[in-house]
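All remarks here apply to the structure that follows.
The values are calculated or read from the model by the stated rules, or taken from the named source; none is laboratory data. Computed from a predicted structure; not experimentally measured. Here the Cβ positions follow ideal geometry from the backbone for every residue, glycine too, while neighbour counts run over all protein chains shown. When the accessible area is computed, the model is the full protein with side chains, heavy atoms only, and any ligands, DNA or RNA have been set aside. Shrake-Rupley method; radii C 1.70, N 1.55, O 1.52, S 1.80 Å.
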Amino acid sequence: MICCTLLIALFGVLGTALHKIGLRPASPLAWRPDVAAPAKFSWATRARSFAHAGRGLACTLREEHNARLHLTAAGLVTALGLGLNLGAAEWARIIFAVALVFIAELLNTALEHLCDVISPDQHPGIGKAKDAAAGAVLIAALAACAVLATLVLPRLLAGASSLCSG
């Protein structure tokens, strides 16, 4: 927690210093120069934020084969969990693991699109960045499989042993 606070403070000071010497644009929305920073809170702006997020999720599910594979796996895990009558703590672990996989997949997709805009041609550095992001998705998926195995395998083995002994 302290490290995060220190990093945020460092980036704030660094950003201000870069702006003062002209190395950083002043607008927090520099990637969209036609849009001014919102002056105050509004429900309409929040609704548009959710619409943008939904569009990004839909685009990822539509265009990325692995995202659809993860969605299918999440559906199967949900069906399995319902069949095994998992408890609230077990569901919380599964929800967290599934969310982690989708977060990694969305960030990987965002990085890939950004890299393709920055460097449409082959570049070794861009390739390494894309590979690292894909590796993050792999680790998240393997961790989700491990979570599922620790929650489901004992129940399945207990059920199988009761069938064999009965």
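Charge dipole of region 78-166 (Cα centre as origin; +1 on each Lys and Arg Cβ, -1 on each Asp and Glu Cβ, all else neutral): 360 debye, rounded to the nearest 20.
Label-to-label distance for W91 and L138 is 3.4 nm, based on points extended 7 Å past Cα in the beta-carbon direction. Heavy-atom accessible surface of H52, to the nearest 10 Å², is about 90 Å², with a 1.4 Å probe and all protein chains retained.
Each residue was assigned an accessible area with a 1.4 Å probe, and for L69 the value is about 110 Å². The candidates C164, C59, arranged from most to least accessible area with a 1.4 Å probe in the full protein assembly, appear as C164, C59. Please report the accessible area of F96 (heavy atoms, 1.4 Å probe, ligands and nucleic acids excluded) in Å², nearest 10. Estimated to the nearest 10 Å², F96 gives 140 Å². Based on every Cα atom in region 73-166, Rg and the maximum pairwise Cα distance Dmax equal 18.5, 64 Å.
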